[in-house]
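**Q** Mind having a look at this structure? Questions to follow.
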Amino acid sequence: MSTLDTTSLKLPKENLEAEDFLPLLGTDYIELYVGNAKQAAHYYMAAWGFQPVAYAGLETGLKDRVSYVVQQDKIRLMLTSPLRPGGEINKHIDSHGDGVKSIALWVDDATKSYEETVKRGAESYHAPIQKEDKEGAVVLSGIHTYGETVHIFVERKNYKGVFMPGFRPWNPHYRPSDVGLKYVDHMVGNVGWNEMNKWCEFYAKVMGFAQLVSFDDKDISTEYTALMSKVMSNGNGRIKFPINEPADGRKKSQIEEYIEFYNGAGVQHMALATDNIIETVAALRDRGVEFLTVPSSYYEDLLDRVGEIDEDLLPLKELGILVDRDDEGYLLQIFTKPILDRPTMFIEIIQRKGAKSFGKGNFKALFEAIEREQESRGTL
């Protein structure tokens, strides 16, 4: 299993308009507040091929919570549950259900990252703190973003341990094979009416991001629903945050449904990259992961729309994988149904063959598929 490189990097700049003063080196981990961390960890291992890494709880001196850390290549998830009634975690779960609390960003200097963002207007989540054990030290700081989501800046260049101080290695007998997931491609946030520009400006002003692309209700609409989206990226392109807001339509859009059931703004989906989407999706499907489906007619003129591709059309059609092309290449993508009881968070699997875009040509087919699911839930 690969681990995150903990050395400082001078990364080439991809998004030339980004000020990129932090800078960010990558996604360190994603923390989800969940009702039962032990069972959630088993789900991500059994269904998604994540490997057990670290644990913190009563046995490590924590009295109020328990956390399991699982990893697949460069993707790390921390699953956290409360151990007692009351408190922040219970309140979060009661309001939102299971969901992403923290998007932790790997930085060279967590203190500088905190100071730079707070002086530019970020609301502090917590000031820099240093955690130490015999393996070294990790510095953490945090700021608020949309809804109750936070960004944690993680500085781990002086740490050689399994995850961070306060955790111990977690070595259960059960270690399922991975499914070929590599890294976090992007993380999508849903915000309320007329809030998209506010949060895009936040990422530009506070974190030095720049806009990569925008989509309006003409790009992302069906007969019934519409939404607006802008994609913000840091300078090296390792962190990409599309921000969605609802737009006027005849019926309730997926963004409105999300905000209703999540009770506010939050992370809508994680897009996880693979080098072989056919193998990855086939393995996930065999393990019980359910995906949105599009009509077979989508594939009838696919090659006319996107040109020649390396993959055979038959397995793409059989698995329901979508294809889109931009000026730099093409991409393949597919979206799960909501992976939680509430119709909130889902996961995207994406394979890029040169393309830097986000599948604009698939929006209509995708959102019609989402509408079919909404209709079945009675929330369209």
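Values quoted throughout were computed directly from the atomic coordinates according to the rules given, and no laboratory measurement underlies them. All of these numbers come straight from a predicted model, not from anything done at the bench. Heads up, the Cβs are rebuilt from the backbone with ideal geometry, glycines too, and the neighbour counts pull from every protein chain shown.
**Q** Which three lengths, in whole Å and largest first, does region 24-169 cover when its Cα atoms are put on their principal axes?
**A** 40, 35, 29
**Q** On C-alpha positions alone, give me the angle between the axis of helix 196-207 and the longest principal axis of the chain, in degrees, nearest 10.
**A** Tilt relative to the chain: about 40 degrees.
**Q** Write down the Kirkwood hydrodynamic radius of the chain, to one decimal in angstroms, obtained as one divided by the mean of 1/r over all alpha carbon pairs.
**A** For the chain, the Kirkwood estimate is 21.3 Å.
**Q** Using label points projected 7 Å from each Cα along Cα→Cβ, tell me how many nm separate residue 58 and residue 118, to one decimal.
**A** With each label placed 7 Å out from Cα toward Cβ, I get 3.6 nm.
**Q** Further, regarding this structure: Given axes a ≥ b ≥ c from the Cα gyration tensor, I'd like to know whether region 93-134 is rounded (a/c under 1.5), prolate (a/b larger than b/c) or oblate.
**A** oblate
**Q** Using the Cα centre of region 24-169 as the reference point, and only Cβ charges (+1 on K/R, -1 on D/E), how large is the resulting charge dipole? Debye, rounded to the nearest 20.
**A** 240 debye
**Q** Okay, next question. Given R₀ = 30 Å, what would the calculated FRET efficiency be for residue 279 paired with residue 379, taking r from the Cβ atoms and rounding to 0.05?
**A** The pair residue 279/residue 379 has a calculated efficiency of 0.35.
**Q** Hey, another quick one. Would you mind telling me the antiparallel percentage of the DSSP bridges in region 262-380, rounded to 5?
**A** Beta bridges within region 262-380, antiparallel portion: roughly 65 percent.
**Q** Using Cβ counts within 10 Å as a stand-in for footprinting exposure, how do 324, 312 rank, fewest first?
**A** Least to most surrounded, the residues fall as 312, 324.
**Q** Taking 24 Å as the cut-off for C-alpha to C-alpha distance, list the pairs among 119/356; 63/131; 131/182; 112/157 that go past it.
**A** Violating the 24 Å limit, Cα to Cα: 119/356; 131/182.
**Q** Only helical DSSP H runs with n ≥ 4 go in: add -39500 (n - 2.57) per run for the chain, normalise by residue count and round the 222 nm mean residue ellipticity to 500 deg cm²/dmol.
**A** -6500 deg cm²/dmol
**Q** Antiparallel as a % of all DSSP beta bridges within region 24-169, to the nearest 5?
**A** Counting DSSP beta bridges with both partners in region 24-169, the antiparallel share is about 80 percent.
**Q** What FRET efficiency, computed as 1/(1 + (r/R0)^6) with R0 = 30 Å and r the Cβ-Cβ distance, is obtained for residue 197 and residue 327, rounded to the nearest 0.05?
**A** 0.70
**Q** Here is a follow-up. So how tilted is helix 110-119 from the main axis of the chain? Cα-based, degrees 0 to 90, rounded to 10.
**A** Relative to the chain, helix 110-119 is tipped by roughly 70 degrees.
**Q** Quick check: the angle from helix 277-286's long axis to the longest principal axis of the chain, C-alpha only, nearest 10 degrees?
**A** Roughly 80 degrees, rounded to the nearest 10.
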